[in-house]
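The values are calculated or read from the model by the stated rules, or taken from the named source; none is laboratory data. Note that the structure is a prediction, hence the values are computed from the model and not measured. Methodologically, a virtual Cβ is constructed for each residue, glycine included, from the backbone with ideal geometry; neighbour enumeration extends over all protein chains shown. Ligands, DNA and RNA are stripped out before the accessible areas are found, and what is left, the full protein with its side chains, is counted by its heavy atoms. Shrake-Rupley method; radii C 1.70, N 1.55, O 1.52, S 1.80 Å.
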Amino acid sequence: MDSIKYLKDKLILFSQQTFKRRLQARDALFCIEFGTNSFSAAYIRSDAGRPELELIESVPCDITKPLPALTEFVKKNQLEGVNCSWLLKADKYQLITLDELPVKPEEFQSAIRWQIKKLLTFSVDDAFIDSFQIPPPEIPNPKKMITVVAAQASYIQPIAEQIAESGLNLTTIDIQELALRNVMTMFETNEMGTALVYLQEKSSDIIFSRQHQFYYLRRLDWSFEKLANNYQSQDVINQYLQKLALEVQRSFDYFQSQWRLPAPNHVLMVSLNPKLLDIAAYMTQRLRFPVEDINLNKVLLSKVELTSNLESQFLSVIGGALREETSHATN
């Protein structure tokens with residue numbers, strides 16, 4: 001079987017969809033994300049118009065052969081036939097930003113493969129490719145840009161088939177950046193945009209969105225692992241946090257200069273070690289904009305008690321369950 005053709009016929013891969021239309025398109029979505037030796041899951045319903053988190057859970061499994069654990073989970077939670085989005089880990093795909101190609105839609109696949117084949121870390125013959133547009137800068141006649149997403153079909157194919165065989169209706173494969181964007185859009189209150197500072201154990205990200213669209217992600221050279229290695233005195237901690245503040249400020253400066261837009265006025269902080277330090281308060285003191293710890297209870301109904309630990313642990317997969325369902329096929 002031609003795996004790429006199978007995926008193109010069956011799935012929608014990576015889509016820059018808007019949050020506004022999502023609630024009109026479906027009333028429930030299950031999202032799954034595979035880790036090192038387990039999968040994380042989130043199930044969100046929106047029957048009454050406001051998203052409600054039905055469950056979040058982490059389940060041990062053999063991630064190369066997840067079918068037994070996944071089938072048991074689906075049966076236990078009565079999820080047979082529910083629409084499912086598979087959220088890829090960041091190390092399972094590549095993002096490449098480049099000028100939009102002046103080709104017809106039917107010519108996109110062959111043109112983009114020729115363009116990026118030397119940039120991939122795997123064979124272009126094994127690549128499943130899609131793209132989404134990046135909003136242009138606020139200048140006359142701006143250059144149109146796209147972000148290309150490439151994943152290995154030889155990795156996706158067997159896992160996709162096992163997800164479908166478990167009883168779930170696998171409809172989409174998504175990426176971290178757009179899943180987190182889904183969460184950010186729920187906090188937007190005006191047209192100024194939102195930034196998310198996502199502090200993790202081994203890496204950290206800052207993401208910008210505006211009017212429900214993903215703009216930009218910057219990976220920061222900052223991690224809790226490095227902080228722990230330097231956790232010697234308050235002076236050392238302050239120096240390390242000051243470095244973080246500087247990197248965030250640089251990211252804001254780049255966003256403003258690249259898109260000629262005002263800085264986002266809503267800055268959210270997510271930390272995988274939320275009780276270690278009050279980093280949001282520190283950042284607010286040192287930057288010219290307020291920073292607040294994310295609180296999903298403000299925007300989601302939930303049957304699960306959402307502690308800060310659970311929010312940080314399951315943030316991506318919750319965002320994946322907030323995506324919009326569409327019916328068109330990928331390029």
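Report the full-extension gain for the segment Q133 to V103: residue separation times 0.36 nm, less the Cα-Cα distance, to one decimal in nm. Intermediate results must be reported in sequence, preceding the final value.
On the way: separation 30, 0.36 × 30 = 10.80 nm, distance 1.44 nm.
Value of the extension gain: 9.4 nm.
Taking a probe of 1.4 Å, how large is the accessible area per residue of the range 182-331, in Å²? Intermediate results must be reported in sequence, preceding the final value.
On the way: 6700 Å² over 150 residues.
With all protein chains present, the range 182-331 gives 45 Å² per residue.
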(message) If I model the range 206-265 as equal point scatterers sitting on the Cα atoms and use the Debye formula, what is log10 I(q)/I(0) at q = 0.19, 0.20, 0.25, 0.27 Å⁻¹?
(response) -0.74, -0.78, -0.99, -1.08
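Can you check what the net charge comes to around L119, using other residues whose Cβ is under 15 Å from the Cβ of L119 (Lys, Arg +1; Asp, Glu -1)?
Values: positive: R113, K117, K118; negative: D99, D125, D126.
Every neighbour counted, the sum reads 0.
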(message) Modelling each spin label as a point 7 Å along the Cα-to-Cβ direction, I'd like the I237/R286 distance in nm, to one decimal.
(response) 1.3
(message) For a quick check of your reading of the filter: which GluC sites (Glu not before Pro) in the range 190-257 sit in a DSSP loop and have no more than 11 other Cβ atoms within 10 Å?
(response) E191
(message) Using 32 Å as the Cα-Cα cut-off, could you pick out the over-long pairs in K76/K298; K89/K298; K104/K298?
(response) K104/K298
(request) Report the chymotrypsin sites (Phe, Trp or Tyr not before Pro) located in the range 208-283 that are in a DSSP loop and have at most 15 other Cβ atoms inside 10 Å of their Cβ, or state none. (result) Y231
(request) Give the shape of the range 164-274 as rounded, prolate or oblate, defined through the alpha-carbon gyration tensor: a ≥ b ≥ c are the square roots of its eigenvalues, a/c under 1.5 means rounded, and otherwise the shape is prolate if a/b is larger than b/c and oblate if not. (result) oblate
(message) At 1.002 mPa s and 20 °C, plugging the Kirkwood radius over alpha-carbon pairs of the chain into Stokes-Einstein gives what diffusion coefficient in µm²/s?
(response) 103
(request) Could you please put R218, R260, R210 in sequence from largest to smallest accessible area, using a 1.4 Å probe? (result) R260, R218, R210
(message) Can you classify the range 91-215 as rounded, prolate or oblate using the Cα gyration tensor, where a ≥ b ≥ c are the square roots of its eigenvalues, rounded means a/c under 1.5, and otherwise it's prolate if a/b beats b/c and oblate if not?
(response) oblate
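Please work out the FRET efficiency for the pair R50 and Q211, using the Cβ-Cβ distance as r and a Förster radius of 22 Å; give the result to the nearest 0.05.
Details: r = 20 Å, r/R0 = 0.93.
Step by step, r from the Cβ atoms, then E = 0.60.
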(request) Whole number in Å², please: accessible area per residue of the range 16-164, 1.4 Å probe, ligands, DNA and RNA not counted. (result) 51
(message) So the label point goes 7 Å from the Cα of Q258 along Cα→C-beta, right? Which residues of the range 83-121 then have their backbone N under 17 Å from it?
(response) 94-100
(request) Go ahead and run the numbers for FRET between F122 and S223, Cβ-Cβ distance against an R0 of 22 Å, rounding to 0.05. (result) 0.25
(request) May I ask you to list the trypsin sites (Lys or Arg not before Pro) in the range 78-126 that are in a DSSP loop and have at most 11 other Cβ atoms within 10 Å of their Cβ? (result) K118
